[in-house]
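Report on the structure given below.
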Amino acid sequence: IQYNYKCCGVDYHLDWINTTWGQEHLDMLPGSCCHTMLQTCNISTSTFAQIGCSEYVTNYVDFTYSVDMTILLFAGFAQVLGISLSYTLTRLIREYEVAKDEK
């Protein structure tokens, strides 16, 4: 996730410092945080993703929710339109049959 989406840690890249991995690799970040896929990168000298992955996940969920709601609203509108057209067609058929019987 971190490498593909250019994010690091949960909220911030420094989240790694308080982990077991971070205690074993002082002043380092996992390669998945680095702009170039290395085993690790140094916090002070390397370029790395500074945005946390939780922000990416939140943005992704918000976008997905918006798309889903748009699809559901369109489907609901299509259902109401279908019901309205069915009612209109049924009413027109009845009017036609009544007019045909009167002749």
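The values are calculated or read from the model by the stated rules, or taken from the named source; none is laboratory data. Owing to the predicted nature of the structure, the values given are computational and were not obtained by experimental measurement. Glycine also receives a Cβ, built like all others from the backbone with ideal geometry; neighbour counts cover every protein chain displayed. Just so you know, the surface numbers come from the protein's heavy atoms only, side chains and all, with ligands and any DNA or RNA stripped out. Shrake-Rupley method; radii C 1.70, N 1.55, O 1.52, S 1.80 Å.
Projecting the Cα atoms of S44, T88, I17 onto the charge dipole of the chain, computed from C-beta unit charges around the Cα centre, puts T88 farthest toward the positive end. GNM remark for the chain: springs join alpha carbons under 10 Å apart, and the peak mean-square fluctuation among T58, T90, T20 falls on T90.
Computed with a 1.4 Å probe over protein heavy atoms only, the accessible surface of the chain comes to 78 Å² per residue.
Across the chain, Cα pairs under 8 Å and at least six residues apart give a relative contact order of 25 percent. The GNM of the chain, with springs linking C-alpha atoms under 10 angstrom apart, assigns the highest mean-square fluctuation among L72, L81, L92 to L92.
Nonpolar atom fraction for the chain, defined as the carbon and sulfur part of the 1.4 Å probe accessible area, stands at 62 percent. Viscosity 1.567 mPa s, temperature 4 °C: Stokes-Einstein D of the chain from its Kirkwood Cα radius, in µm² per second? Calculated translational D: 71 µm²/s.
Computed from backbone phi, the HN-Hα couplings of the stretch 18-27 come to 8, 9, 4, 4, x, 5, 7, 10, 4, 6 Hz, rounded to whole numbers (Karplus: 6.51 cos²θ - 1.76 cosθ + 1.60, θ = phi - 60°; Gly and Pro given as x). Maximal additional length on extending the S86-I51 stretch stands at 7.3 nm, based on 0.36 nm per residue less the C-alpha distance.
The angle between the Cα long axis of helix 53-102 and the main principal axis of the chain comes to about 10°, on a 0 to 90 degree scale.
Residues whose amide H comes within less than 5 Å of that of M28, counting only those at least five positions distant or on another chain, are I43 (H built at 1.01 Å from N in the peptide plane). Once you have the Kirkwood Rh of the stretch 61-103 from its Cα pairs, apply Stokes-Einstein at 37 °C and 0.692 mPa s and quote D in µm²/s. My calculation gives 256 µm²/s for D.
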